[in-house]
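Have a look at the structure below, then the notes.
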Amino acid sequence: MIPLPDSRTESDGTAVVRVLSYNIRSMRDDRAALARVIRACAPDLVLVQEAPRFFRWRKAAEKLARAAGLVYVTGGGTAAGPMILSTLRAHVERTEDVLLPRTPGLHQRGFATAVVRIGGARLGVLSCHLSLAAGERAEQAGLLLERLAALGVPYAVAGGDVNERPEGRGFRRLAGALTDAWAERPWGGELTSTPHDPRQRIDAIFTTPGVEVLGCGVPHGLPGVRESDLRAATDHLPVLAALRVPAGG
């Protein structure tokens, strides 16, 4: 497998950034394996779905961040599950957690968002977990696009559990307005659900125009990532992308 580029800042301030999107199922599985997977991926930003969001959720989020060598940025209980973690390389300008309109009988959904500076680049960040219901999911895809635009920065990345395959209406809505990083520059594995017998790609990373995708996929074969840990950590496989973000913005 071709190596995925490491994080770096280029001479003009352009930042090569590693972004990991990961549904962690409220940390109900092997927490040590989860932390090992995240560490081995060496991400600058982690877009988490199904973060702890009930009793003592902040303490659980802090434990995960510490075990993975990261810091808590925003989200979790305040965003109904999505959360953002980062390394100290990212300077956080601002954050906002957004609760989405709720359909009676369905789970509350939300977005965790932030604007960060890495190197000389300024980047909007959004973590999402879209609905299980097709109609609500398509509406939430539209709200995601609106929220990215409202961040007010030219470059942004969104990632999460889309809860449908690329041919689905919500997924197509996102991929029509943004770059589907796996489709743009596939690297590693494609399928994300489930770890023991992956048959579908329902987790993805998307970027706005101007962000160059250097590689994206499930980190099978990445040094330090054990297949046994991928199976034990949670009920989804993670998606890792390397992105080149222009300076400025």
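The values are calculated or read from the model by the stated rules, or taken from the named source; none is laboratory data. Computed from a predicted model, the values in this text were never measured in an experiment. Cβ placement follows ideal geometry from the backbone for every residue including glycine, while neighbour counts extend to all protein chains displayed. All accessible areas refer to the heavy atoms of the entire protein, side chains included, with ligands and DNA or RNA removed. Shrake-Rupley method; radii C 1.70, N 1.55, O 1.52, S 1.80 Å.
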Within the stretch 48-98, residues out of contact with any Ser or Thr (no Cβ under 6 Å at 6 or more places or on another chain), open to solvent by 20 Å² or more (accessible area, probe 1.4 Å), in a loop (DSSP other than H, G, I, E, B) and within 21 Å of residue 147 (Cβ to Cβ) come out as 53
Within the stretch 1-47, which residues are out of contact with any helix residue (DSSP H, G or I) (no Cβ under 8 Å at 6 or more places or on another chain), among the β-branched types (Val, Ile, Thr) and assigned to a strand (DSSP E or B)?
9, 16, 17, 19
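Can you name the residue in the stretch 28-37 that is open to solvent by less than 20 Å² (accessible area, probe 1.4 Å) and touching a residue at least 40 places away in the same chain (Cβ under 8 Å) and, of all such residues, is farthest from residue 206 (Cα to Cα)?
33
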What are the pairs with Cβ atoms under 6 angstrom where one residue, in the stretch 109-131, is under 17 Å from residue 178 (Cβ atoms) and the other, located anywhere, is hydroxyl-bearing (Ser, Thr, Tyr)? Sequence gap at least six, or different chains.
123/155; 126/113
Kindly list the number of the only condition in (1) of a type in the set (Gly, Ala, Ser); (2) part of a loop (DSSP other than H, G, I, E, B); (3) surrounded by 22 or more Cβ atoms within 10 Å (Cβ to Cβ) that fails for residue 105.
(3)
